[in-house]
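The values are calculated or read from the model by the stated rules, or taken from the named source; none is laboratory data. Note that this is a predicted model, so its numbers are computed, not measured. Here the Cβ is made from the backbone with ideal geometry for all residues, glycine too, and neighbour counts use every protein chain on show.
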Amino acid sequence: MKIITFKKVITFSIFLGLLFILVVLISITMGSVKVPPLRSLHILFQSILGLKGGGNETERAIILSLRLPRAILAGLVGAGLSVSGATFQALLRNPLADPYILGVSSGAAVGAILAILLGLGTFSFGLPLISFLGALLTVLVVFYFGRQDGKIHPNTLLLAGVIIGSFLSALIMFFISVSQKEELHTIIFWLMGDFSFSNARAILIIFPYILLGFFLLYRRSRQLNLILSGEENAVQLGVDVERLKLVSYLSASLITAASVSVCGLIGFVGLIIPHAVRLIFGPDHRLLIPASALVGASFLVASDTVARTLLAPTELPVGVITAAFGGPFFIYLLRTRKVIRIL
Amino acid sequence: MIEVNSISFRYHDDWVLEDVSFRAERGEFVGLIGPNGSGKTTLLKILYGLLTPQKGEILFELVPIKKMERADIAKRIAVVAQETHLLFPFSVLETVLMGRSPYLGHLMFENEKDLEIAKKAMEWTKIVPFSERHMDELSGGERKRVFIARALAQEPEVILLDEPTASLDIQHQIDFLDLILTLNRERGLTIIMASHDINIASEFCDRLILLQGGRIYQMGTPEQVITKDNIETVYGCEVWIDRNPISGIPRISLLKKGRS
């Protein structure tokens, strides 16, 4: 019987979780400073056991303080963007929806650029925090304009998001046009999506929000299946649709805000990963959401590793890599529409 | 079973339904007919609580619909709407299992019993052979059967149908309506069907409600409602009414202008 059961969700999640761990392990062995792969893994496992063996001080610092946190952060963001994208696609019944569709990302960008221009970029918390606040503020404004008589009308919300997003884009362009050369480079990299701004503490900032958003969405994943065939359809099957929409839109926006604030606008992940996962695991959100999270996490860690190493010692913004992979893949999806469902 | 007490409803300024009252008894097959914009679909949406009328109330077994939880309504009233979105299509079995949703509450997964009920519903509607196919691979008639199966999986007492035969050829129309009639006669399900096809409504329904501009123009047996005067007044076109030679039930024929 090809239906989703608890056992299947757990089995596939464990499998994809192992894949993610594998990608992280490969990622920390690679980089511009050559640390032999086996020694990298040795350093990691020693540290997990609470020991300080494996390599010299510098190598330990590179593996444990730079590469590992960065991989975990990329994983969190990849998971967040994919889950958020899958949710927006369901709520808006639009396959082209992505995590940035409600303009949340533009709010984050304005926050980040302000932080850079005010020179707060050098503080470890400054940039992501102001960016996160910018994103949250945008969420509030979009929902204020997107709701009518206590109800969310997807089209109104979408329109509010697009218009507020355009307005914020004007601000972004204004800031770019008045900024200095050094700042400009930082701003452009942020807008393309880049993990080099972040450090281990960024994980602590966004982890609670992404986790909270994920659980709120997962609890409603069965109902998201029903809203996929329209809001009236969901009502006919006994769903309190207004509550579902409110919680889901806000959770997905919160996840987007948290993700974007630490690494800028990484494109394509939130659009492509849910589609790819649907092709393999089917459209049921009870599996789609955890599977998208784990596949998205693996994909972004892999992309960031390529971004770090392709032109080493120069680092590319990770957004360049995701778009380079994502664009052709999306065209392939559009052209073939082939379904390779294993479920 | 369902009691509609002088309801009026408007989306914006103009009333779409005005002072509509009727009852549907357990096991009845009621047809809603009337021209485009006469309020049939709106009335169905009010019956299952999607829309709330500004005046009047609906009682289900003497309980006001607006006091019932959405899930409780869905356990008793199932809806087979016109076409639904098929953006990311589910399989037939997955779609039928969705009918169990009102019983799951906060549970995430269906259990063996839910699966059993879904399979029975699929046997009734004869869709077991393509249970693993996806919804976008089915014909219009097959898809309608799947939605009936989903409705049956809700174990409802009432099924609301909105233009169920609109996109079907005559063979599938008859197959579909025979299935509905069997559910009505053998399982005692109450059926309320909105239809554009006056002949079908006349042939299958025990009672008809003829709507005009949001008001009930006439209500009664097909003999009482399908008359030349009623139809010509409400629909504003010329028709000929005689009887179906086999069933003896009123039958309508359309005429070109100036032929009567």
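Please go through the range A:269-282 and pick out each residue that is more than 14 Å from every other protein chain (Cβ to nearest Cβ) and of a type in the set (Gly, Ala, Ser). Correct list: A:Gly270 only. Candidates are the residues of the range A:232-250 that are assigned to a helix (DSSP H, G or I) and among the hydrophobic types (A, V, I, L, M, F, W, C); the one that is nearest to the other protein chains (Cβ to nearest Cβ) is A:Val235.
Residues are listed down the side, and each one gets a yes or a no for (1) surrounded by 21 or more Cβ atoms within 10 Å (Cβ to Cβ); (2) closer than 30 Å to B:Ile231 by Cβ; (3) within 13 Å of chain A (Cβ to nearest Cβ):
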site: B:Gly27; (1), (2), (3): no, yes, no
site: B:Val30; (1), (2), (3): yes, yes, no
site: B:Ile33; (1), (2), (3): yes, yes, no
site: B:Gly39; (1), (2), (3): yes, yes, no
site: B:Leu44; (1), (2), (3): yes, yes, yes
site: B:Leu47; (1), (2), (3): yes, yes, yes
site: B:Thr52; (1), (2), (3): no, no, yes
site: B:Gly105; (1), (2), (3): no, no, yes
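If you take the residues in the range A:57-89 that are more than 17 Å from A:Ile21 (Cβ to Cβ) and free of Cβ contacts under 8 Å to residues at least 60 places away in the same chain, which one is nearest to the chain's Cα centre (by Cα)? Checking each candidate, the answer is A:Leu66.
Scanning the range B:46-60 for residues being touching a residue at least 12 places away in the same chain (Cβ under 8 Å) and out of contact with any Lys or Arg (no Cβ under 8 Å at 6 or more places or on another chain) gives a total of 7.
For beta carbons closer than 6 Å, sequence separation of 6+ or different chains, a first residue in the range A:283-307 that is within 14 Å of chain B (Cβ to nearest Cβ) and touching a residue at least 60 places away in the same chain (Cβ under 8 Å) and a second that is crowded, with 24+ Cβ neighbours inside 10 Å and not in a helix (DSSP H, G or I), the qualifying pairs are A:Asp284/A:Ile4; A:Arg286/A:Ile4; A:Leu287/A:Ile4.
Among the residues of the range A:317-336, not one is assigned to a loop (DSSP other than H, G, I, E, B) and over 16 Å from A:Phe268 (Cα atoms). Here B:Glu94, B:Glu61 are screened, and the one residue that is at the interface with another protein chain (Cβ under 7 Å from one of its Cβ atoms) and of a type in the set (Asp, Glu) is B:Glu94.
Before we move on, is A:Arg341 modelled with pLDDT under 95 and either of a type in the set (Phe, Trp, Tyr) or not in a helix (DSSP H, G or I) (or both)? Break it down into steps so the answer makes sense when it comes.
On the way: modelled with pLDDT under 95: yes; either of a type in the set (Phe, Trp, Tyr) or not in a helix (DSSP H, G or I) (or both): yes.
When the stated conditions are applied, A:Arg341 passes them.
Results for (1) in contact with a helix residue (DSSP H, G or I) (Cβ under 8 Å, 6 or more places away or on another chain); (2) surrounded by fewer than 19 Cβ atoms within 10 Å (Cβ to Cβ), shown as yes or no for each residue.
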position	(1), (2)
B:Ala153	yes, no
B:Asp175	yes, yes
B:Ala201	yes, no
B:Arg215	no, yes
B:Gly236	no, yes
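Listed by position, the helices (runs of 4 or more DSSP H) enclosed by the range B:53-118 that each have at least 1 residues that are under 21 Å from B:Ala194 (Cβ atoms) are B:70-76. Just one of the numbered conditions (1) within 12 Å of chain A (Cβ to nearest Cβ); (2) within 30 Å of B:Leu17 (Cβ to Cβ) is not true of B:Asn184: (1). Restricting the search to the range A:1-56, which residues are within 14 Å of another protein chain (Cβ to nearest Cβ), surrounded by 15 or more Cβ atoms within 10 Å (Cβ to Cβ) and free of Cβ contacts under 8 Å to residues at least 12 places away in the same chain? Within the range A:1-56, A:Ile3, A:Thr5 meet the criteria. Selection of the range A:80-95 for residues being touching a Leu at 6+ places or on another chain (Cβ under 8 Å) and away from chain B (no Cβ under 14 Å) yields A:Leu81, A:Val83. Answer yes or no: is there a residue in the range A:59-79 that is in a helix (DSSP H, G or I), within 14 Å of another protein chain (Cβ to nearest Cβ) and at pLDDT 95 or above. No. Could you please find all residues in the range A:197-254 being without any contact (Cβ under 8 Å) to a residue 60 or more places away in the chain, aliphatic (A, V, I, L, M) and more than 25 Å from B:Ala71 (Cα to Cα)? Within the range A:197-254, A:Leu204, A:Leu211, A:Leu212 meet the criteria.
Yes or no: B:Ala149 more than 10 Å from every other protein chain (Cβ to nearest Cβ) and crowded, with 19+ Cβ neighbours inside 10 Å? It would help to see each step written out before you state the result.
Details: more than 10 Å from every other protein chain (Cβ to nearest Cβ): yes; crowded, with 19+ Cβ neighbours inside 10 Å: yes.
Answer is yes for this residue.
The selection criterion, being within 14 Å of another protein chain (Cβ to nearest Cβ) and crowded, with 23+ Cβ neighbours inside 10 Å, holds for A:Ser229.
A count restricted to the range A:90-144 and to residues that are aromatic (Phe, Trp, Tyr), without any contact (Cβ under 8 Å) to a residue 60 or more places away in the chain and in a helix (DSSP H, G or I) stands at 1.
Within the option set A:Leu118, A:Leu168, A:Leu137, being under 19 Å from A:Ala252 (Cα atoms) and surrounded by fewer than 24 Cβ atoms within 10 Å (Cβ to Cβ) holds for one residue only, A:Leu137. Residues in the range B:72-91 that are out of contact with any strand residue (DSSP E or B) (no Cβ under 7 Å at 6 or more places or on another chain) and at pLDDT 95 or above: B:Asp72, B:Ile73, B:Ala74, B:Lys75. Selection of the range A:280-308 for residues being among the charged types (D, E, K, R) and surrounded by 24 or more Cβ atoms within 10 Å (Cβ to Cβ) yields A:Asp284, A:Asp304, A:Arg308. Screening the candidates A:Ile206, A:Ile266 for the property of being away from every other protein chain (no Cβ under 14 Å), in contact with a helix residue (DSSP H, G or I) (Cβ under 7 Å, 6 or more places away or on another chain), closer than 18 Å to A:Thr87 by Cβ and not in a helix (DSSP H, G or I) yields one hit, A:Ile266.
Look at B:Leu17 and say whether it is crowded, with 19+ Cβ neighbours inside 10 Å and over 20 Å from B:Glu203 (Cα atoms). So B:Leu17 passes the test. Scanning the range B:76-84 turns up no residue that is in contact (Cβ under 8 Å) with a residue 24 or more places away in the chain, among the basic types (Lys, Arg) and away from every other protein chain (no Cβ under 13 Å).
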